[in-house]
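Read the structure below first, then the notes.
None of the figures in this text is laboratory data; all of them are computed from the coordinates on show. No experiment lies behind these values; they were computed from the predicted model shown. Cβ atoms come from the backbone with ideal geometry, glycine included; neighbour counts cover every protein chain shown.
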């Protein structure tokens, strides 16, 4: 048997030694990587290239989460619209009741922060990749997972209707006994396919979704219905809300305030048509008829739903502009924003986006019987007489407007 030439043996030895040297350097890099991960003094890195090291990416993530957990409530409210304590409580609520679970490389607080930051600033996926140093697939998956967990909190965060009491002294609501709140619709811009744009086109030429909202006297949502195209009439959307198994429940004897776009029927009290209604139309003029004083006080109380929609869009920028999410995804996001609005109201009360409102004493609230519910929207003579009687009572009891 012939022996291997000398130069071939030398080449084999050099190749084996180079292989072991490369393996040794790789082991050293792995050890150094895990040592630097344990380094607690995290610094903010700016203008890092997409080809940055894993250590640098982790440092940026830790720096952003430190801004949320340790830089105070003011910066926290600007970033994710809630205080540090509220953010921690929301994470625990999503974990315990929403079924949210952390992944092998991401904790729950970072997942929730990504979702809140996205809807608060309407950030696109590419911008979030730079902010959180995560891949586009990870950002998209986290947003969907957290969104589904937030929607599971419907039974907890949606408020129960509470009627105006007989002894109420609130100047806005004391004239509307047994009123549960106000109902109205708003438009949220969406993107849809070309064959469906005609149904979603608004009067201003944009593409929008019709959102039905119901709120109580404390600026909290009772019910939200999304998904209808903007061309659908408000009355049709309201009928669909009443017909759904888990839809809007209106017990007989109680009612909501609505504008002239809805019918004046049992369960929904609308203003008089052909009379001054909007507050800006009055100025210093005084009501001269029972219909006018009714419309003025009706507008003053029903304005609560307009304020809720304004606060909602001010807090969550994703509702103010068109996003790249699908129509179905936007419908879920609108519901999630309303639930988070109620959560913030329950935790903080009023923040920089709204004023303070005193909560009512829950011990004096009567229990509403849900056995008989209103399921049809049909004007009746009885309800018209009820509105006229209410207007006459307001006119007879007027003090400030008396001549």
So residue 148 and residue 104, fully extended at 0.36 nm per residue minus their Cα-Cα distance, gain in nm 13.9 nm
Order by neighbour count: 63, 86, fewest other Cβ atoms within 10 Å first, most last.
63, 86
A chain fully extended from residue 23 to residue 239 at 0.36 nm per residue, minus the present Cα-Cα distance, gains in nm 70.7 nm
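Let me check against my output: what whole-number percent is the relative contact order of the stretch 162-396, with C-alpha pairs under 8 Å and at least 6 apart? All intermediate terms of the calculation are to be shown ahead of the outcome.
Working: 358 pairs, mean separation 59.0, N = 235.
Worked out over the stretch 162-396, it gives 25 percent.
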Extension gain, residue 58 back to residue 130 (0.36 nm per residue minus Cα-Cα distance, nm)
24.7 nm
Among 242-252, 196-206, the order from most to least packed when residues are scored by Cβ within 10 Å on average:
242-252, 196-206
Does the stretch 162-396 classify as rounded, prolate or oblate by the C-alpha gyration tensor (a ≥ b ≥ c root eigenvalues; a/c under 1.5 gives rounded; else a/b over b/c gives prolate, otherwise oblate)?
prolate
Burial ranking of peptide ranges 261-272, 14-25 (average Cβ count within 10 Å, highest at the top)
261-272, 14-25
